[in-house]
Amino acid sequence: MTPETVREGSRSPDAFSTTRWSVVLACADSAVGEETARKALGELCKTYWRPIFAFICKRGYSVPDAQDLTQDFFLMVLEGDLLKRADPTRGRFRSLLLKAVQNFLTDNTIRKRARKRGGDVKFVSWDEWMAEAPSNLVISVQEAETWSPEKIFDVRWAATAVEHALRRLGDECEAHGHRRVFVVLSGYLAAERQDVSYLKLSKTLDVPETAVKRLLHQLRQRYRALLRDEVAQTVHKPEDVDEELRYLCAVLAASAA
């Protein structure tokens with residue numbers, strides 16, 4: 001891995017306009033852009049199904065029922081008028097999706113309409129969904145019982161963004177022949193960690209300590225850039241990214257406390 005492979009994740013306004021949620025909002029009222037918006041929304045839904053599923057489970061539904069309701073909900077999102085009711089001033093896909101699923105679960109008419117539209121059609125098979133987004137986040141039984149559905153939703157959302165950034169970083173490292181470097185150092189990407197033994201890591205990787213420090217610095221930079229990009233995909237304006245990042249990091253920190 002060379003310094004050239006690491007780029008800090010700032011976006012120009014023009015580049016930002018191509019993020020998935022910005023595309024969805026820009027095309028929502030355009031018949032010409034409907035297919036483009038649907039594709040962008042579909043990718044977001046496939047990425048962020050887990051928070052919805054966890055939220056529905058916490059609302060008291062069994063796992064099989066929550067699976068069906070999650071599928072029905074996303075079919076409603078893709079086939080219904082959610083896009084036309086999207087408020088760009090709110091800016092966050094996370095906020096809109098949470099409000100939509102709350103309405104979905106409390107309005108029996110909406111659920112029946114989604115099922116009628118979707119029939120037996122599946123947005124994506126459950127096995128494919130589980131394979132697409134494995135989660136390393138484990139919520140304890142005590143936390144699952146005491147946390148609100150909204151907190152579980154936010155924690156799962158934040159974890160998904162982190163996990164996707166890490167997966168992308170791992171793929172990049174593998175493409176450059178550095179998968180082992182990623183495996184060994186990925187647990188030390190949080191900048192606030194002080195328990196890094198560079199001597200131990202240098203022995204594990206069989207490289208000098210100076211090389212470990214350089215590699216870890218590069219990985220941390222790239223990880224921050226990728227996490228920023230993941231968050232940017234779900235907000236409407238560039239100025240929303242930092243606030244959303246701070247919120248999601250705070251959510252994860254509070255859940256780990």
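The values are calculated or read from the model by the stated rules, or taken from the named source; none is laboratory data. Being a predicted model, the structure only gives us computed values, none of them experimental. Using ideal geometry, Cβ is built from the backbone for each residue, glycine included, and neighbour counts are taken over all protein chains shown.
Worth a mention:
- Remark: Thr36 falls outside the filter, which requires a residue to be of a type in the set (Val, Ile, Thr), at pLDDT below 65 and either crowded, with 17+ Cβ neighbours inside 10 Å or farther than 24 Å from Leu169 by Cα (or both).
- Residue that is in contact with a helix residue (DSSP H, G or I) (Cβ under 6 Å, 6 or more places away or on another chain) and either modelled with pLDDT under 80 or polar (S, T, N, Q) (or both), where the choices are Gln102, Gln67: Gln67
- Against the conditions (1) on the phi > 0 side of the Ramachandran plot; (2) at pLDDT 95 or above, Gly119 satisfies every one except (2).
- All conditions in (1) crowded, with 16+ Cβ neighbours inside 10 Å; (2) at pLDDT 85 or above; (3) over 17 Å from the mean Cα position of the chain (by Cα) hold for Pro51, with the sole exception of (3).
- Test: residue in segment 89-97 that is charged (D, E, K, R), at pLDDT below 90 and within 21 Å of Arg224 (Cβ to Cβ): yes
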